[in-house]
Structure formats: C-alpha cells, structure tokens
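Here is the structure we will look at.
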Amino acid sequence: MTPELRPREFPDSDFDLRARAELSLAYPADDAPPQLLRKTPPLLSRRGFQRSVLVLLLAGSGAGAVLAMRPPELVRGALEHEYFERTLRGTFMASAPLLQHLGLGGKQVVPGFPQLMRPCDIDGHLVYHLTTFFEKGGMVTVFAFDKVVALQEGSGWWGNVHWKVITSRDGKPLVLVAHKKQALAVAQSQFGPPIDTPTPTPKETR
C-alpha cells in the first residue's frame, strides 16, 4: 500500500487507554460466573411444550370419540338418503310388498300415518323407504333392505338425528331414523318383535 493510500493512525486518547484497561479486567467468556449463565429448563417442564402435548391429547381423544360414535357405513348412507328426501311425500308402491319387507306380511295396514312409501337405492342396495307419523312419538323413517345385509343392532346420534338398527319380526335388520328419541321407541314397538309380557299367576285362596 502506498503511503498516500495508507489510513492515518491516530494516537490513543486517555479515554481509549482507560477503556482498554477496564476491558482487560473483565471476565473471559469461558470464565463467566455461574449465576450469569441461563439455565435451560427440561423439555417436559416448558409451558409451550406442555400446551402442545395437551392439545394433541385432546385432539386424539376427540377423534377417537367421534370414530367410536360413528354409525356403520350402510347406516350413514341411510341417514344421508333420509336427509335429502325428508320433505318428499307420496305413495310410489303398494303397501303389501312394503309390509312384507318390513316383516309385517300378515298385516293389511301400514303402521302410523304414512307420508312416503317408495323403493330407493342406498349404496347399491335396493331399499324400501317408509316415512310415517306416530301420534305418540312423531315422524319416523324406516328402511328395509331387499337382500340380507350385515347390520348389527345398535343406536346413536349422527347428523342431528337419532338412528337405531333393530331386528324385524322376520329376523331382518331395519334402520329407524327420527328427530325424537321417543319416536324410535314407538316405531320399535310397531316393527320389532313383540315383547312377551309374563301373565301374572293367580294367587291361591284358602
């Protein structure tokens, strides 16, 4: 570097000398007092980590509860079908074959006040759809399957409606759907097997 381009050197002032002397008395980086070092808490004791674990546990338990309450696939198809035909009314088939598939072949009248009677398709299954009104229960939709399907008895709440799978009087599964739980009980008494009530034995008189 030529003398013309070399930066000009200034002598140290008293302030520079005093500051340099004070800095020389400071602790080196590797000899700092222990109280000045930040202690990192364990991972499990950190609040943010605890909140994350709690959220994951709640989400997992909520998902497990939803899956446990989820109805079978065929029942979900029936619930979706009922939702789209909830306001449909009319008679699109004779009552005799409908009663036969409902397990009531020996009867002549459809229970309740029928609002809709029609064959329909649910997930590739031929299903007979009955919507009827019971005065002491309310509106109920009943699905009877043309072929034998694997459905176990059960009940639950899904899609803002109550559902229940019962066994008809001829041993086939029926899917009941209603907004009121009481309506399912009334429908089960009409379409399910009759409940045998024990007859009281007369007491002996002396």
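The values are calculated or read from the model by the stated rules, or taken from the named source; none is laboratory data. What you are looking at is a predicted structure, and each value in this text was computed from that prediction instead of being measured. Cβ: placed from backbone, ideal geometry, glycine included. Neighbour counts: every protein chain shown.
Checked against (1) of a type outside the set (Ser, Thr, Tyr); (2) surrounded by fewer than 17 Cβ atoms within 10 Å (Cβ to Cβ); (3) in contact (Cβ under 8 Å) with a residue 12 or more places away in the chain, residue 107 passes all but a single condition, namely (3). With respect to residue 154, is the statement that it is farther than 24 Å from residue 92 by Cα and at pLDDT below 95 true? For residue 154, the condition - farther than 24 Å from residue 92 by Cα and at pLDDT below 95 - is not met. Tell me, please, whether a residue that is touching a helix residue (DSSP H, G or I) at 6+ places or on another chain (Cβ under 7 Å) and either surrounded by fewer than 15 Cβ atoms within 10 Å (Cβ to Cβ) or assigned to a strand (DSSP E or B) (or both) can be found in segment 85-92. Checked against the condition, which is being touching a helix residue (DSSP H, G or I) at 6+ places or on another chain (Cβ under 7 Å) and either surrounded by fewer than 15 Cβ atoms within 10 Å (Cβ to Cβ) or assigned to a strand (DSSP E or B) (or both), segment 85-92 yields no hits at all. For segment 142-181, taking the residues that are among the polar types (S, T, N, Q) and surrounded by 14 or more Cβ atoms within 10 Å (Cβ to Cβ), the one that is nearest to residue 119 (Cα to Cα) is identified as 168.
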